[in-house]
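Working notes for the structure below.
Just so you know, all these numbers are worked out from the coordinates, no wet-lab data involved. Quick caveat, the model's predicted, so the values are computed rather than measured. Backbone-built Cβ (ideal geometry, glycine too); neighbour counts: all protein chains shown.
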Amino acid sequence: MKRRILVSLTAVGAVLALSAPAGAADVRAGAAAAAAADGGWEPAPSPSWSYPAGARCDFAVQGSPVVDEVVRRTLAAYEDGTKVFEYKGDLVVRVVNSATGASYDADAGGRAVVVVRPDRSQSWYVVGPVLAGFGEAGGNVPRGLYTVDGAYSLDVSPTGYKTLTLAHGTIDSLCAKVS
């Protein structure tokens, strides 16, 4: 299943400026100085994962990175506990139908700025492909496992509900590729 959706995407710079709580200037300055010293990049390995039948696909599915060169750096850390990270690097995940062994190597090497809040909510601002899984009634995309590619945002509420907003891009079903 491939769909194309066009909607607006908030500029990352505006989001970062608006997400800064009052009095966060000293924290921002400290984070900027630390990142400037060595670029601030550190490895961000992707874990393997698995879901039982019905959780994402109609069958049990699992994934493991076969190429993982993802790194991240902290762009900001605020007094309220909110952190802003940037991710980049090659990532290819082998998605496997656990019952049949059918597999597909999915490119998930997009670049993202991610705002992580103390209440466990997140906002992702992405260019390029990433893997996204949605549970039943768990977001504005039907249950499934997808490669999302383009320019888009993904908001995750404190309860885990995901809202995907594409400025320009595609959603490609990985369940269909390994069924």
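Structural remarks
- Label separation (Asp119 vs Ser179): 3.7 nm, computed from points 7 Å beyond Cα along the C-beta direction.
- Trypsin sites (Lys or Arg not before Pro) restricted to DSSP loop in the stretch 78-179 with at most 16 other C-beta within 10 Å: Arg120
- Cα-only Debye scattering, the stretch 50-179: base-10 log of I(q)/I(0) at q = 0.12, 0.13, 0.16, 0.17 Å⁻¹: -0.47, -0.56, -0.84, -0.94
- Here r is the Cβ-Cβ distance between Ala167 and Ser50 and R0 is 35 Å; the resulting FRET efficiency, rounded to 0.05, is 0.65.
- Residue-count net charge about Val93 - beta-carbon cut-off 15 Å; Lys, Arg +1, Asp, Glu -1: -4
- Geometric extent, Cα atoms of the stretch 139-179 - Rg, Dmax (angstrom): 11.0, 32
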